[in-house]
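To start, the structure under review is shown below, and the notes come after it.
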Amino acid sequence: MVIDNILVLLMRSAAARVSAATVGVGGLPGVAAGSNVTYWQYVGAIYQYSLIIGITLSGLVIAYAGILYMISQGESSKIQSAKDYFVGAIIGLTILLLMGAILQFIGLPKVDGTI
């Protein structure tokens, strides 16, 4: 219990030190090219883009798995392949969403939904 509290305090203090750092980056949405952004703004933007790409790809893979399942005609190897695709897409989406929870836990500010 004490070790858990110490780890949480260390993680939050490290996150506080990093949040004050700036990164010279251009091309982030709403940020002029060449201007400085905080580290957490940079991480937040990367997470937003990965969330959009991950949800899109997961949806496409789930649709592909459904089509593969429908055209399998009862062949167990094709059914198993469709199930594997479906499970893989769900696991990938879960990992992506858990990454957001971890970023929130260590101090990433709330994402406002704009990109």
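Structure summary
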| quantity | calculated |
| --- | --- |
| Tally of residues being exposed (fewer than 13 other Cβ atoms within 10 Å of the Cβ) and part of a helix (DSSP H, G or I) across the stretch 72-96 | 8 |
| Residue satisfying all of: in the stretch 34-71; of a type in the set (S, T, N, Q) and under 17 Å from residue 102 (Cα atoms); surrounded by the fewest Cβ atoms within 10 Å (Cβ to Cβ) among these | 50 |
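Each value in this text was obtained by applying a stated rule to the coordinates, not by laboratory testing. None of the values given here were measured: they were computed from a predicted structure. Neighbour counts are summed over all protein chains in view; Cβ atoms, including those assigned to glycine, are modelled from backbone coordinates with ideal geometry.
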